[in-house]
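Heads up: the structure comes next, in structure tokens.
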Amino acid sequence: MKNIEVSGIQKSFDGREILHSVSFKIKAGDFLSITGESGSGKSTLLAIMGGVLKPDGGTVTIGDAEITSLSEKQLAVLRRTKIGFVYQFFNLVPTMTVRDNILLPVRLAGGRVADYEEKLAKLVEFTRLSNVLSSYPDVLSGGEQQRAAILRALIHDPDVIFLDEPTGNLDSENARGVMELLKDLNKTFGVTVVQVTHSEQGASYGNSRILVKDGSIETCS
Ligand SMILES: Nc1ncnc2c1ncn2[C@@H]1O[C@H](COP(=O)(O)OP(=O)(O)OP(=O)(O)O)[C@@H](O)[C@H]1O
Ligand SMILES: [Mg+2]
């Protein structure tokens, strides 16, 4: 179980400071919702926390790993094994079946698919995707695609999954299904969940939240 500490994160684009020394902590097993107006810096912050983007200053520590000091190569390994990332538009590979999409991180990391069959079966049941495993993403509903993307992010038992507006492209029923799944995964497997959301409904699933305003943390609870 790994706590996350964000300390003094600064980031500028084209000479304009987007994040002004942002600091907060997340306890292992928390479900944190990050909200704030469009353009306030939420996606930038999430990308820095997930090792996708380098900050100009400050540190992000996950467990005892200071990810902001890792090399690109080390970060790539970390993202493939210890961190899950889920985006608004699902980002499934259209030419691969759902099963192959979910197993892609295993293959990319050079793992043996056979070693993951048991876990895959368990997660597939948990996410109610057994009927669509051999289908291609384009015939799935938005909710199913997002559940598949979440499952793909979980295949390596990450310490934390970061989600950027996971329900932003879904109708309310599918959105509820995805949020219920995240809540169950958080409860059952203890995986830390950090989501950016515009939805008040979606934010309410978390057990803590922060509001980003003009690149600073306005409230923490
Ligand atoms: N790669 C980039 N190059 C230049 N400017 C950027 C880049 N990424 C983000 N920005 C700027 O940084 C600011 C914050 O962007 P960010 O995407 O973090 O906001 P956000 O809170 O996620 O907004 P939204 O709710 O609309 O997704 C915006 O003004 C955006 O234009
Ligand atoms: Mg965003």
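How large is the charge dipole for the chain, taken about the Cα centre, if only the Cβ atoms of Lys, Arg (+1) and Asp, Glu (-1) carry charge, to the nearest 20 debye?
420 debye
Taking Cα centroids, how far is region 88-151 from region 175-219 in Å?
Spelled out, the Cα-based centre of one part sits 22 Å from the other.
Quick check: from the Cα gyration tensor, does region 130-179 come out rounded (a/c under 1.5), prolate or oblate?
Verdict is oblate for region 130-179.
Run the dipole for region 1-102 about the Cα centre, Lys and Arg Cβ at +1, Asp and Glu Cβ at -1, nothing else charged, and hand back the magnitude in debye, nearest 20.
In debye, rounded to 20, region 1-102 gives about 280.
Show which lysines lie in cross-link reach of residue 11 when reach means a straight Cα distance below 28 angstrom and same-chain residues fewer than eight apart are skipped.
2, 25, 27, 42, 54, 73, 82, 213
Report the net charge of residues surrounding residue 113, where surrounding means a beta-carbon distance below 13 angstrom and charges are Lys +1, Arg +1, Asp -1, Glu -1.
Local charge sum for residue 113: 0.
Could you give me the percent of Cα pairs per 10 Å distance bin for the chain, shortest bin first, beginning at zero and ending with the bin that holds the maximum distance?
8, 35, 37, 18, 3
Return a whole-number percent for the relative contact order of the chain, with Cα pairs under 8 Å and 6 or more residues apart as the contact set.
30 percent
Which of rounded, prolate, oblate describes region 34-118, given a ≥ b ≥ c as roots of the alpha-carbon gyration tensor eigenvalues and a/c under 1.5 marking rounded, otherwise prolate only if a/b is larger than b/c?
It comes out oblate by the Cα gyration axes.
Give me the compactness ratio for region 85-179, meaning the Cα radius of gyration over 2.2 N^0.38 Å.
1.01
Projecting each Cα onto the charge dipole of the chain (Lys/Arg +1, Asp/Glu -1 at the beta carbon, about the Cα centre), which of 110, 91, 162 comes out farthest on the positive side?
After comparing all options, I get 110.
What residue among 208, 40, 134 shows peak mean-square fluctuation when the chain is described by a Gaussian network model with Cα springs under 10 Å?
Per the Cα network of the chain with a 10 Å cutoff, 134 tops the list.
What do you get for the angle between helix 117-126 and the principal long axis of the chain? Use alpha-carbon atoms, 0 to 90 degrees, nearest ten.
Roughly 80 degrees, rounded to the nearest 10.
Please report the net charge: other residues with Cβ closer than 12 Å to the Cβ of residue 94, K and R +1, D and E -1.
-2
Report the trypsin sites (Lys or Arg not before Pro) located in region 103-170 that are in a DSSP loop and have at most 11 other Cβ atoms inside 10 Å of their Cβ, or state none.
Those that pass, being in a loop and sparsely packed, are 112.
Among bridges DSSP assigns within the chain, what percent are antiparallel (round to 5)?
50 percent
Could you pull out every residue, at least 5 positions away or on a different chain, whose amide H is within less than 5 Å of the one on residue 28? Hs are placed 1.01 Å off N in the peptide plane, and Pro or chain starts have none.
So residue 28 has HN proximity to 3, 4.
Each value in this text was obtained by applying a stated rule to the coordinates, not by laboratory testing. The structure presented is a predicted model; accordingly, all values stated were derived computationally and were not measured. Here the Cβ is made from the backbone with ideal geometry for all residues, glycine too, and neighbour counts use every protein chain on show.
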